[in-house]
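Enquirer: Dropping the structure in here first, questions after.
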Amino acid sequence: MRMYDIIEKKRNGHVLTKKEIEYFINGYTNGEIPDYQVSALLMAIYFQDMTNDERAALTMAMVNSGDKIDLAPIKGIKADKHSTGGVGDTTTLILAPLVASLDVPVAKMSGRGLGHTGGTLDKLESVPGFHVEITNKAFIDLVNKNKIAIVGQSGNLTPADKKIYSLRDVTATVNSIPLIASSIMSKKIASGSDAIVLDVKTGAGAFMKDLDDAKNLADAMVSIGNHVGRKTMAVISDMSQPLGNAIGNALEIEEAIRTLSGKGPKDLTELCLTLGSQMVVLANKADNIESARKRLEENLTNGKAFEKFKVFLKSQGGDARVADNPDLLNKAKYKIDLPAQQSGTVAKLIADDIGSAAMMLGAGRATKDSVIDLAVGIVLHKKIGDDVKEGESLLTIHANQEKIEHVKEKLYASIDISHTPVKAPPLIYDTIT
Ligand code: URA
Ligand code: CA
């Protein structure tokens, strides 16, 4: 087999075989095939696309390029959730204990934040004592015992994806549905869950800004998952404005605690119930979405989800007292309100710019090596569609520095107030089951 022939075949619009796809992934991972040939093939894929069979083969070749987490010692159907990334997306912190409270085993690998998007591991580390580095055995034991554990990625997962993603970044081939879908799904599949629920975001703060692109990506990922034997569903949700009210690590823990007690922001609660219902159905703990949702709603109000969150925090070394007393979390020194400069209706609350403002305060990483401040962030008091009076607080900035004029400027630039009525955008655009 020759790489040249594979490039030519795809360039001419033909379908690659599983063997050809494995040949190029293995050859590239072990350094036998050079960057320039893989670049050419990626560009051919960008223009010619891939069939469902090719996408599944590409995904599995990347899964098999490195370590795979074996969750077989965990009893039951393990359900996982993946979000394509957003601002103030507190979902995992709520969803994991919520579905675990219905005995769905959640063995979750999460990531750290980068740029304007936050990471679940950072948020959890704002709980004093909580640690995300635990051995594989401890991880599995915890899920068997409590139905929930969240860890950082360990081992050499999908090295082919790492190499290819870096190459796509410099060859203008990131924005390709088969390449994005296989990249995301390979990581999910390698981390071992039986069932996968995808939260594909759309809007200003999302990777997929356009709704049609988000739908195409969701369809592609659901198709790959089911093709390779993992039960997969998806939700397309709004990320034109931040999710919930809090953006920032400790602030989002506080928001999660409130939501788990049934007192959270409406949008965040709704998204957790929507995604959670899918996870519960995929894990065979309910016959249909409606009954799953009803049981999840019950556990938000009867204290069971909240109790599960406390057990989870404690099991990984965290101070579970924060659940009853969020004042024990790290607090920022200054709380500064941002008053509305005019009366009207909030028309825009541009998610990625607000995420960048939180990053400027120190809540997020500008580069992989940045050190973050877990206490700082932003709490929104108004969302799109809300009326506001001149001088009324739009949001509160939690800062550890007094001079934040540049952050205020960024925030004012990301908020539009209109004199004509504005409707809140839909939260859920579509569900794919
Ligand atoms: N996120 C990923 O993990 N991979 C992509 O290709 C794009 C976004
Ligand atoms: Ca939030």
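The values are calculated or read from the model by the stated rules, or taken from the named source; none is laboratory data. Here the structure is a predicted model, which is why all the values come from computation and not from measurement. Ideal geometry is used to build each Cβ from the backbone, glycine not excepted, and the neighbour counts take in all protein chains shown. Note: accessible area is taken over every heavy atom of the protein model, side chains too, but ligands, DNA and RNA are not part of it. Shrake-Rupley method; radii C 1.70, N 1.55, O 1.52, S 1.80 Å.
Enquirer: Could you give me the residue pairs with C-beta distances under 9 Å whose first residue belongs to segment 17-30 and is within 18 Å of L157 (Cβ to Cβ), whose second residue is in a loop (DSSP other than H, G, I, E, B) and acidic (D, E) wherever it lies, and which are 6+ apart or on separate chains?
Expert: N26/E32
Enquirer: Within segment 242-250, is there a residue that is in contact (Cβ under 8 Å) with a residue 60 or more places away in the chain and surrounded by fewer than 19 Cβ atoms within 10 Å (Cβ to Cβ)?
Expert: Within segment 242-250, the first condition is being in contact (Cβ under 8 Å) with a residue 60 or more places away in the chain, and the residues that meet it are 242-250.
Within this subset, residues satisfying the condition of being surrounded by fewer than 19 Cβ atoms within 10 Å (Cβ to Cβ) are none.
Taking every residue of segment 242-250 in turn, none turns out to be in contact (Cβ under 8 Å) with a residue 60 or more places away in the chain and surrounded by fewer than 19 Cβ atoms within 10 Å (Cβ to Cβ).
Enquirer: Between K147, K201, which is at positive phi, modelled with pLDDT of 95 or more and not aromatic (F, W, Y)?
Expert: Details: K201 fails: at positive phi.
Matching residue, one of K147, K201: K147.
Enquirer: Is one or more of the residues making up segment 195-208 surrounded by fewer than 19 Cβ atoms within 10 Å (Cβ to Cβ), closer than 20 Å to T431 by Cα and touching a strand residue (DSSP E or B) at 6+ places or on another chain (Cβ under 7 Å)?
Expert: No, there is no match, as no residue in segment 195-208 is surrounded by fewer than 19 Cβ atoms within 10 Å (Cβ to Cβ), closer than 20 Å to T431 by Cα and touching a strand residue (DSSP E or B) at 6+ places or on another chain (Cβ under 7 Å).
Enquirer: Of the conditions (1) out of contact with any Lys or Arg (no Cβ under 6 Å at 6 or more places or on another chain); (2) open to solvent by 30 Å² or more (accessible area, probe 1.4 Å); (3) closer than 19 Å to E252 by Cβ, K75 clears all except one; give me its number.
Expert: (3)
Enquirer: Here's another thing I want to ask about it. In segment 262-269, is there at least one residue being open to solvent by less than 10 Å² (accessible area, probe 1.4 Å), under 17 Å from the mean Cα position of the chain (by Cα), more than 16 Å from I428 (Cβ to Cβ) and within 13 Å of ligand 2 (Cβ to nearest atom)?
Expert: Within segment 262-269 (the criterion being open to solvent by less than 10 Å² (accessible area, probe 1.4 Å), under 17 Å from the mean Cα position of the chain (by Cα), more than 16 Å from I428 (Cβ to Cβ) and within 13 Å of ligand 2 (Cβ to nearest atom)), the answer is no, since none of the residues qualifies.
Enquirer: Condition first: within 16 Å of ligand 1 (Cβ to nearest atom), surrounded by 23 or more Cβ atoms within 10 Å (Cβ to Cβ) and among the hydrophobic types (A, V, I, L, M, F, W, C). Can you find one or more residues in segment 223-234 that meet it?
Expert: Yes, because at least one residue in segment 223-234 is within 16 Å of ligand 1 (Cβ to nearest atom), surrounded by 23 or more Cβ atoms within 10 Å (Cβ to Cβ) and among the hydrophobic types (A, V, I, L, M, F, W, C).
Enquirer: Mind listing whichever residues of segment 371-412 are open to solvent by less than 10 Å² (accessible area, probe 1.4 Å), in a strand (DSSP E or B) and of a type in the set (G, A, S)?
Expert: G377, A399
Enquirer: Now, a different point. Kindly evaluate E307 against the criterion of being over 30 Å from E405 (Cα atoms), surrounded by fewer than 18 Cβ atoms within 10 Å (Cβ to Cβ), of a type in the set (D, E) and without any contact (Cβ under 8 Å) to a residue 60 or more places away in the chain.
Expert: no
Enquirer: I want to confirm something. Restricting to segment 163-179 and keeping residues that are touching a Lys or Arg at 6+ places or on another chain (Cβ under 9 Å) and of a type in the set (V, I, T), which single residue is nearest to ligand 2 (Cβ to nearest atom)?
Expert: V174
Enquirer: For segment 164-194, what are the residues that are open to solvent by less than 30 Å² (accessible area, probe 1.4 Å), basic (K, R) and over 21 Å from D352 (Cβ atoms)?
Expert: Across segment 164-194, the qualifying residue is only K188.
Enquirer: Something else: Filtering segment 163-190 down to residues that are basic (K, R) and within 19 Å of the chain's Cα centre (by Cα), which residue is nearest to ligand 1 (Cβ to nearest atom)?
Expert: By that ranking, first place goes to K187.
Enquirer: If we keep just the residues of segment 124-157 that are crowded, with 17+ Cβ neighbours inside 10 Å and among the polar types (S, T, N, Q), which is nearest to F306 (Cα to Cα)?
Expert: Once the filter is applied, the top-ranked residue is N146.
Enquirer: Given the criteria away from ligand 1 (no atom under 16 Å from the Cβ), of a type in the set (S, T, Y) and open to solvent by 30 Å² or more (accessible area, probe 1.4 Å), does T51 qualify?
Expert: Here the answer is yes, as T51 does meet what is asked.
Enquirer: Regarding K201, is this residue in contact with a Ser or Thr (Cβ under 8 Å, 6 or more places away or on another chain), in contact (Cβ under 8 Å) with a residue 40 or more places away in the chain and among the charged types (D, E, K, R)?
Expert: Criteria met by K201.
Enquirer: Mind listing just one residue for me: the one in segment 209-222 that is more than 17 Å from the chain's Cα centre (by Cα) and of a type in the set (A, V, I, L, M, F, W, C) and, of those, surrounded by the fewest Cβ atoms within 10 Å (Cβ to Cβ)?
Expert: L211
Enquirer: Consider L102 carefully, then state whether it is more than 21 Å from K310 (Cα to Cα), out of contact with any Pro (no Cβ under 6 Å at 6 or more places or on another chain) and open to solvent by 10 Å² or more (accessible area, probe 1.4 Å).
Expert: no
Enquirer: Quick check on A160: is it within 15 Å of the chain's Cα centre (by Cα), away from ligand 2 (no atom under 16 Å from the Cβ) and surrounded by 21 or more Cβ atoms within 10 Å (Cβ to Cβ)?
Expert: Against the criterion (within 15 Å of the chain's Cα centre (by Cα), away from ligand 2 (no atom under 16 Å from the Cβ) and surrounded by 21 or more Cβ atoms within 10 Å (Cβ to Cβ)), A160 does not qualify.
Enquirer: Give the residues of segment 413-425 that are loosely packed, with under 11 Cβ neighbours inside 10 Å and closer than 30 Å to T274 by Cβ, sorted by residue number.
Expert: Result: P421, K423.
Enquirer: Hey, does segment 336-352 have a residue that's under 24 Å from the mean Cα position of the chain (by Cα), part of a helix (DSSP H, G or I) and in contact (Cβ under 8 Å) with a residue 24 or more places away in the chain? Even if it seems obvious, please write down each step before you answer.
Expert: Looking only at segment 336-352, we keep the residues that are under 24 Å from the mean Cα position of the chain (by Cα), and these are 348-352.
Retained after the next criterion (residues that are part of a helix (DSSP H, G or I)): 351-352.
Keeping just the survivors that are in contact (Cβ under 8 Å) with a residue 24 or more places away in the chain gives 351-352.
Checked segment 336-352: at least one residue is under 24 Å from the mean Cα position of the chain (by Cα), part of a helix (DSSP H, G or I) and in contact (Cβ under 8 Å) with a residue 24 or more places away in the chain.
Enquirer: What number of residues within segment 312-335 satisfy the criterion of being open to solvent by less than 50 Å² (accessible area, probe 1.4 Å), of a type outside the set (A, V, I, L, M, F, W, C) and either free of Cβ contacts under 8 Å to residues at least 40 places away in the same chain or touching a Leu at 6+ places or on another chain (Cβ under 7 Å) (or both)?
Expert: Number satisfying all stated conditions: 2.
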